Every structure is written in structure tokens, then in C-alpha cells.
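Everything below concerns the one structure shown next.
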Amino acid sequence: MIADKHTIQVKGIGRVSRTPDTIIVWMHVESCDTDYKQAVDSAAQQLNLIRANLGTIGFTKEDLKTTSFDIHARHDNIHREDNTYKEVFIGYEVRHDLSLSFSKDMAKLDEVISVLSMCLADPDVRIGFALSDIDGAKKEILEKATKDALEKANILCNAANVKLGQLLSIDYSWDEISFEAHDKFRMSDLSIGCEEASFDFEPDDIKASDTVEFTWEIK
């Protein structure tokens, strides 16, 4: 039983810093209509326009992923002459969020932004960067956290003139780690001067960390 032993608990921290190798283009389209079917059809038409434009530079229908789809009834409060408010149905509002990922290639990004700027759907666009080898980065973080904890435990035991014994437990939360760069570039109006844009910027390295807690017996 751990409770019957003299123990030491140490938290190890693992950190990685890697250059992003993947570009993510997020975009969304919106529609609103008092007729439910018309609202949905309008959003679908915008999606088809985006697919068609991206198809001209080699992307397939499957490359464009849905990240979320939301439809809800929209109501607004209208101020009346008697100083009261009346809730009025505006229509069914549809929002379709999409993402397009590809290997980091700034010339390809130029092409993507160019065709989206000419798209009649006029999507709102953000650009971000990520890692493709997420599993490898997670493994490196955990390995570094383990080495960090063992090094700290040995330092503490040597200073306290005790010996590090058997490893008794490992406590890890398995929380999701983000491997997207914090840099996100928003293109709020692609219809203005983006047809022949050339993007020349370098995203910051992606930094991520995690912790693991270890319990050892001490002698």
C-alpha cells in the first residue's frame, strides 16, 4: 500500500517548440431567410461556390471540412410607440464553418486566397498554422516530462540524503493539447485587392507543454 510507505511526489513538465508545417484556412458562410428551406439552400449554394472555386486549383470536395453547422430562428426586439418592445421573427439564420488544410506552401496560400476573393459566396476567412505530426509532438512532451520528474526526484533525494526507490504511481490527466499557432490572420473583406496578393510572413513556432505527476518510494 502506498499509504504505508515513505514517498515523494514530483511533477514533471515537458515542453516542445516546433515550426508549423501545415496551413489551415478557416472560413464561414451565412444566410438568413424567413423560409427555412431557402435559408438552408442559400448556405448550400455558397458552399458549392466555394468548392467550385477551390476545385480550379486542385482541391477536391473532400478537402473542405465542416467544423460546425448551426441553424436557429432569429428574433429581434422592436421598439414601439407606446415605449414597449415587441419580439419580431427575422428569419432562420444559418452559419456553416469550414476548414481547409494543406502542407505549408505560401504560393499555394496565395492561390487559395486569390480564388476565394473571386468567389461570389464572399466567405469570411482566417489563416492559421499547425503541426501535422501531433502524435510525435505529444510523445516528445511526455518523454521530456518523465525525464524532468526523474531528475527533480533525484536532486531532492540527494539533498535530503535518502534514496529513490520504486516508482509507485503515475498520474496523468490526458487533457487535450493544442498544436495550433497562436498567430491567426483574418481576411475580413476578400473582395478588396486580394486577387493577386502575395503573402510573405513566417508564423511563430508552436509551443506546447504538459505535466505528469509521479510518486516514488523513498528509502
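The values are calculated or read from the model by the stated rules, or taken from the named source; none is laboratory data. Only a predicted model underlies this, so the values are computations on that prediction, with no experimental measurement involved. Counting neighbours? That spans all protein chains shown, and the Cβs are built from the backbone with ideal geometry, glycine included. All accessible areas refer to the heavy atoms of the entire protein, side chains included, with ligands and DNA or RNA removed. Shrake-Rupley method; radii C 1.70, N 1.55, O 1.52, S 1.80 Å.
Among the residues of the range 74-97, are any open to solvent by 70 Å² or more (accessible area, probe 1.4 Å) and on the phi > 0 side of the Ramachandran plot?
yes
Name the residues in the range 53-65 that are open to solvent by 80 Å² or more (accessible area, probe 1.4 Å), in contact with a helix residue (DSSP H, G or I) (Cβ under 9 Å, 6 or more places away or on another chain) and part of a strand (DSSP E or B), would you?
Scanning the range 53-65 gives no hits.
Per-residue answers, yes or no, for (1) modelled with pLDDT under 75; (2) at positive phi; (3) open to solvent by less than 90 Å² (accessible area, probe 1.4 Å):
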| site | (1), (2), (3) |
| --- | --- |
| 134 | no, no, yes |
| 152 | no, no, yes |
| 157 | no, no, yes |
| 164 | no, no, yes |
| 167 | no, no, yes |
| 180 | yes, no, yes |
| 188 | yes, no, no |
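Go through (1) under 24 Å from the mean Cα position of the chain (by Cα); (2) not in a strand (DSSP E or B) for residue 102 and report which single condition fails.
Here residue 102 meets the rest and fails (2).
Within the set of pairs 6+ apart or on separate chains, which have a first residue in the range 11-37 that is under 25 Å from residue 91 (Cβ atoms), a second that is of a type in the set (Gly, Ala, Ser) and open to solvent by 20 Å² or more (accessible area, probe 1.4 Å), and C-beta atoms under 6 Å apart?
Pairs that qualify, where the first residue is under 25 Å from residue 91 (Cβ atoms) and the partner is of a type in the set (Gly, Ala, Ser) and open to solvent by 20 Å² or more (accessible area, probe 1.4 Å), are 31/42.
Within the range 58-66, is there a residue that is under 30 Å from residue 16 (Cα atoms) and touching an Asp or Glu at 6+ places or on another chain (Cβ under 8 Å)?
Looking for residues that are under 30 Å from residue 16 (Cα atoms) and touching an Asp or Glu at 6+ places or on another chain (Cβ under 8 Å), one finds at least one in the range 58-66, hence yes.
Would you check which residues across the range 106-132 are open to solvent by 10 Å² or more (accessible area, probe 1.4 Å), in contact (Cβ under 8 Å) with a residue 40 or more places away in the chain, in a helix (DSSP H, G or I) and not polar (S, T, N, Q) and list them?
Scanning the range 106-132 gives 106, 108, 110, 111, 115.
Can you tell me which residue in the range 22-47 is farthest from residue 98 (Cα to Cα), limited to those that are of a type in the set (A, V, I, L, M) and part of a strand (DSSP E or B)?
Only one residue tops the list, namely 23.
Say we look at the range 8-21 and pick out the residues that are β-branched (Val, Ile, Thr) and in a strand (DSSP E or B); which of these is nearest to residue 134 (Cα to Cα)?
Only one residue tops the list, namely 16.
Output the number of the condition that residue 17 fails; it satisfies all remaining conditions of (1) among the small types (Gly, Ala, Ser); (2) farther than 26 Å from residue 174 by Cβ; (3) surrounded by fewer than 18 Cβ atoms within 10 Å (Cβ to Cβ).
Tallying (1) among the small types (Gly, Ala, Ser); (2) farther than 26 Å from residue 174 by Cβ; (3) surrounded by fewer than 18 Cβ atoms within 10 Å (Cβ to Cβ), residue 17 fails exactly one: (2).
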